[in-house]
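Since the structure comes first, as structure tokens, the remarks are kept for the end.
Every number in this text was worked out from the coordinates using simple rules, so none of it is lab data. All figures in this text were calculated on a predicted structure; none of them were measured in a lab. All Cβ positions, glycine included, derive from the backbone under ideal geometry; neighbour counts span all protein chains shown.
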Amino acid sequence: MKKIGLIGGMSWESSQVYYKIINEKVREILGGFHSSKCVMESVDFAEIEKLQHIDDWNALNKIMSESAKNLERANADIIILCTNTMHLCSKEITKNINIPFLHIAEATGKKIKEKNIKKVLLLGTKFTMEKDFFKDIIFNDFDIEVIIPNEDDREIIHKVIYEELVHGKIKPESKKKYQRIINDSIKNGAEGVILGCTEIPLLIKDNDVDITTFDTTRIHAESAVEFSLK
């Protein structure tokens, strides 16, 4: 079994979900008393959130790269970043390590392709929805069209993540807003929805919407286990 290195803390609520999924998947495959060999480098999200909103990606690149190097020094065999948004730093991370880095969009794209879906809605932070680091991989590598909500709805999605979900607050009225946005995308031809923030699955489950959901947290975590047990 290879050791999985996790960069976590963004937020810790979703990082604990990663840890749970990874260990459940190992037990499901190997049975008995088996659990994952893993190590986590957890950052202070207050520092990350502040740098995100003043657009200081140089500082964020440095923090993520240092975290990845710490995991490599801890003998991790692969690194996963337990957040979608911070994959904006993925190029800088891979430049500074000598072990594989599993990108969340690549893992997600493979799952969407398996379902033969051609058009998906992407939900996440404004950074994830509006920048190209996630959309480009899904489109260029897997030939899947990616659409995002309108500007007002992007603001709703973003605010719920930062003002509620990262603090562990799950509100029924926010779930209804997300459901309405997802249903609107079906009218625009979306066949699936990428839950492209590691906190969104805390709010939206498969049976909450009439469309195929792609939980990036679960997909990413289970893909890391597949690598670990190869």
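Observations
- Scanning segment 131-172 for residues that are acidic (Asp, Glu) and in contact with a helix residue (DSSP H, G or I) (Cβ under 7 Å, 6 or more places away or on another chain) gives Asp141, Glu145, Asp153, Glu164.
- For segment 212-223, the criterion of being in contact (Cβ under 8 Å) with a residue 24 or more places away in the chain, of a type outside the set (S, T, N, Q) and outside any helix (DSSP H, G or I) is met by at least one residue.
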